[in-house]
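One structure coming up, written as structure tokens, with questions to follow.
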Amino acid sequence: VLQGYAAEMDNPLMAHLISPELQNKKDILFGNMEEIYHFHNRIFLRELENYIEYPELVGRCFLDQMEDFQIYEKYCQNKPRSESLWRQFSDSAFFQECQRKLDHKLSLDSYLLKPVQRITKYQLLLKEMLKYSKNCEGAEDLQEALTSILGILKAVNDSMHQIAITGYDGNLNELGKLLMQGSFNVWTDHKKGHSKVKDLARFKPMQRHLFLHEKAVLFCKKREENGEGYEKAPSYSYKHSLNMAAVGITENVKGDTKKFEIWYNAREEVYIIQAPTPEVKATWVNEIRKVLT
């Protein structure tokens, strides 16, 4: 892909096949694939080869390189932009010519998906290795490597949702790390509200997608898009946020193990939040508790 497509975009002999709108868009189309390639070629593959005789110790290899795996997050964040560009130009003569020369059965987009598939495949391989390495040396490292890879997958997944937030006028990076995101039923009960509003609020929940950052929790409304692949990815229109410094939490709400409360400014605003399952509720309550303490 890097030689047969990316490099060809700079080849003067191919220039006549590239439409002007596609020129200078190499970085958008391929993201940091080259960085991923060099990491594997120069570093990770060589490290792995040291463990050919001791496969059960391979967990250490993952742990030593864990920071470098962040490059996948960058790749996945760029993926929606890459896909949308590919859709505009997928039938361009340039891509067809490159595919013909390479004699590839599949078009470029199938290969651009490879890094996303690769990062998800590692956890499966590590789980499989763990299964056969129960009581041997290195099992702890394998477990830790699996946990770390799952952490990176969660970060990739969360950030894919975060880049789809629209209408937030500040800088999301200033809110600190994104800890959790997910969809909930939300009821509001505000002291200041008109009594009629309060009555209504009790019955009909709002569907809200919550993003928990270190410094604030964001309430967004999810909009499903129509389209293919990443186009189907939802977008989230920003509604409001609460500063974590002024937030309190009630962990149990009478009569429902899936509900908890977030309140603001000494219960001036109360949000009753219903998770899809008691387990999801527990995870969120724990994370919020960590932030508050």
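The values are calculated or read from the model by the stated rules, or taken from the named source; none is laboratory data. These numbers come from a predicted model, not from an experiment. Methodologically, a virtual Cβ is constructed for each residue, glycine included, from the backbone with ideal geometry; neighbour enumeration extends over all protein chains shown. Remember, those area values only see protein heavy atoms, side chains included, never the ligands or the DNA or RNA. Shrake-Rupley method; radii C 1.70, N 1.55, O 1.52, S 1.80 Å.
Pull up the stretch 265-283, narrow it to residues that are modelled with pLDDT of 95 or more and out of contact with any strand residue (DSSP E or B) (no Cβ under 8 Å at 6 or more places or on another chain), then point me to the one that is nearest to A216 (Cα to Cα).
It comes out as A282.
Can you say whether M160 is in a helix (DSSP H, G or I), in contact (Cβ under 8 Å) with a residue 24 or more places away in the chain, out of contact with any strand residue (DSSP E or B) (no Cβ under 8 Å at 6 or more places or on another chain) and under 30 Å from K239 (Cβ atoms), as far as the supplied structure shows?
Yes: the conditions hold for M160.
Taking into account only those residues within the stretch 130-172 that are among the hydrophobic types (A, V, I, L, M, F, W, C) and over 25 Å from the mean Cα position of the chain (by Cα), which is farthest from H209 (Cα to Cα)?
Step by step, filter the stretch 130-172, then rank; the result is C136.
When you check K105 against the structure, is it exposed (fewer than 14 other Cβ atoms within 10 Å of the Cβ), without any contact (Cβ under 8 Å) to a residue 60 or more places away in the chain, farther than 18 Å from S159 by Cβ and within 16 Å of the chain's Cα centre (by Cα), yes or no?
When the stated conditions are applied, K105 does not pass them.
Follow-up. Return the residues of the stretch 245-293 that are of a type in the set (K, R) and touching a helix residue (DSSP H, G or I) at 6+ places or on another chain (Cβ under 9 Å); say none if nothing qualifies.
Passing the criteria: K258, K259.
Condition test on Y37, is it touching a residue at least 12 places away in the same chain (Cβ under 8 Å), among the aromatic types (F, W, Y), open to solvent by 70 Å² or more (accessible area, probe 1.4 Å) and not in a loop (DSSP other than H, G, I, E, B)?
yes
Still on this structure, please answer the following. Output the residues belonging to the stretch 264-277 that are over 23 Å from the mean Cα position of the chain (by Cα) and either over 18 Å from Q181 (Cβ atoms) or open to solvent by 70 Å² or more (accessible area, probe 1.4 Å) (or both).
Selection gives Y264, N265, A266, R267, E268, E269, V270, I272.
Looking only at the stretch 278-293, which residues are surrounded by fewer than 16 Cβ atoms within 10 Å (Cβ to Cβ) and not aliphatic (A, V, I, L, M)?
P278, E279, T283, N286, E287, R289, K290, T293
Tell me, yes or no, whether the stretch 117-131 has at least one residue that is part of a loop (DSSP other than H, G, I, E, B), of a type in the set (A, V, I, L, M, F, W, C) and not assigned by the TED database to the domain that holds R267.
No.
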